[in-house]
Amino acid sequence: MTEGKEAKEVLTPEQAQELVKYDLSTKMVPFLDRHLIIYMFNFLQEMEIYKTEDINRALLKMLAETNMIDLAMEMYATLGEEAPESLNQRREEVLQQLQDSREKVLSLLEILEDEDKVQKIATFKSMSELCTAFELEVDVIEGLVHYAKLQFDCGNYTLSGELLKHYRSMMAQDSERPMTTRQFSCIWGSLASFILNREFEAPSPGVEMAADVIFKIDEFLDNTKMAKKEVLLQKTWLLHWALFAIFNADKPDAKLLDFFLNEKSLSVISLSCPHLFRYVGACLILQKRLKHLVKDTVWIVHHEAACYSDPVTRFLLALYVDVDFDEAQQELQKCAQVCKVDFFLNRHWAEFEENARLLIFETYCRIHQCINIRMIASKLNMEAEEAEVWIVKLIQNAKLDARIDSEKSRVVMSKAPASVYQQVIEKTKNLSFRSTMLLSNLEKREKELKEAKA
């Protein structure tokens, strides 16, 4: 084996089948752009839980719906097949489209390459003023969107993102006018470009990133006059796309986490995509700063358990609802398989396991004042010596009010009773979510009665 590289694990058919049941890609694909789907399929290809040819065929089908002709040709070669002649013809057509589209907006592209002129754009009060100053036709500005989309479909996400950023900046001059469908589509295009370019963290203050675009889409949907059904669909898409910015960023935006876990988002998840409760649970486990949300959010996960359940959600329910530490430990072991096969959680398993153990320990400490180290070690799936070292570090780092009694091999906790005020707060939380779900259930019931009478 080459030094510095780990041998790749070869899965048996039985192991692969066991992992497949935790794969959510089929549930997520309907809410993703095909370029994002290709991104996910490449991950599944590496996991080898499906037949390689099946994944390659699926990738080829996705590529056929884009302008990434060269990649499609490579995929045919991978499959040992000759690419159809029509693909070569299409390649020439795409190149011609790119050239024609670029020529139409060349005068605008030259302006956008001049930093002084780009800064001047922000000073104009209207689109007509901008067009007059630079001697441009409105059609040229609108043509920039078509050119950006062509570049995006060819896989040139960086250029596409820059072009869309400029277009949106120019459209901002007419901020008093309602947003058009094209402008709204451009915001989605910007978000896709940010995700595919992995631009999740701003290099400097004021630079727009994926999270900022997500907030803009969410704000628009909160104030739009679209039909409720369409708004629900758009918000469902948005929550799926937000996963890329949450789990692929080195440090997810705190406001983005709040958006994903707020009551409106949880209501959308309950109504149209309960499989996202996996990621709700993962956020609670991975992000220590969300500790204050755990109890309330787990109640919602418990309420929706009949609609969706997996080792991540069951771990939280076992720990906080049933207070069954043995069950929690069993589910945590299954979470290793979930993270292995999950596109978003794969790289987070080590942190996931560590934080989950911390939650087990904290919960155990709340109901036991004296804790046998061997006992807690079994709950954490650790050796007693390893657990003692882990607990000592935890007490030091988290500044827990506890001490190790080495003679009796136990941890002694100091407990403070909850105040009456805190107890009242705990009992009155979730009222908004309960009201939302009650209203939703009543609307469903009313619709069913009307359909029955009809």
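The values are calculated or read from the model by the stated rules, or taken from the named source; none is laboratory data. It should be emphasised that the depicted structure is a prediction, and the values quoted were computed from it without experimental measurement. In this analysis, Cβ positions are derived from the backbone assuming ideal geometry, glycine residues included, and neighbour counts consider all displayed protein chains. Each accessible area value is taken on the protein alone, full model and side chains, heavy atoms only, with ligands, DNA and RNA left out. Shrake-Rupley method; radii C 1.70, N 1.55, O 1.52, S 1.80 Å.
Things to note:
- Residue satisfying condition, being under 30 Å from N56 (Cβ atoms) and open to solvent by less than 70 Å² (accessible area, probe 1.4 Å), within set A148, A133: A148
- Considering only residues in the stretch 313-348 that are in a loop (DSSP other than H, G, I, E, B) and charged (D, E, K, R), the one that is least open to solvent (accessible area, probe 1.4 Å) turns out to be D342.
- The stretch 1-103 holds helices (runs of 4 or more DSSP H) entirely within its bounds, and those carrying 1 or more residues that are among the hydroxyl-bearing types (S, T, Y) map to 25-28, 34-47, 52-64, 69-78.
- Residue within the stretch 185-207 that is over 18 Å from the mean Cα position of the chain (by Cα) and assigned to a helix (DSSP H, G or I) present: yes
- The single residue among K165, K251 that is closer than 30 Å to A72 by Cα and either open to solvent by 40 Å² or more (accessible area, probe 1.4 Å) or out of contact with any His (no Cβ under 8 Å at 6 or more places or on another chain) (or both) turns out to be K165.
- Condition check for W241: on the phi < 0 side of the Ramachandran plot, surrounded by fewer than 21 Cβ atoms within 10 Å (Cβ to Cβ) and in contact (Cβ under 8 Å) with a residue 60 or more places away in the chain: no
- Being open to solvent by 30 Å² or more (accessible area, probe 1.4 Å) and hydroxyl-bearing (S, T, Y) is a property that T26 has.
- Qualifying residue in the stretch 304-312 (condition: assigned to a helix (DSSP H, G or I), within 22 Å of M382 (Cβ to Cβ) and in contact with a helix residue (DSSP H, G or I) (Cβ under 6 Å, 6 or more places away or on another chain)): yes
- Residue within the stretch 398-413 that is closer than 30 Å to L266 by Cβ, modelled with pLDDT under 75, open to solvent by 70 Å² or more (accessible area, probe 1.4 Å) and over 37 Å from the mean Cα position of the chain (by Cα) present: no
- The requirement of being surrounded by fewer than 19 Cβ atoms within 10 Å (Cβ to Cβ), assigned to a loop (DSSP other than H, G, I, E, B) and modelled with pLDDT of 85 or more is not satisfied by K117.
- Scanning the stretch 171-204 for residues that are closer than 24 Å to K117 by Cα, at pLDDT below 85, surrounded by 14 or more Cβ atoms within 10 Å (Cβ to Cβ) and of a type in the set (A, V, I, L, M) yields M171, A202.
- Per the listing D296, D310, the residue uniquely more than 23 Å from D250 (Cβ to Cβ) and either open to solvent by 60 Å² or more (accessible area, probe 1.4 Å) or at pLDDT below 95 (or both) is D296.
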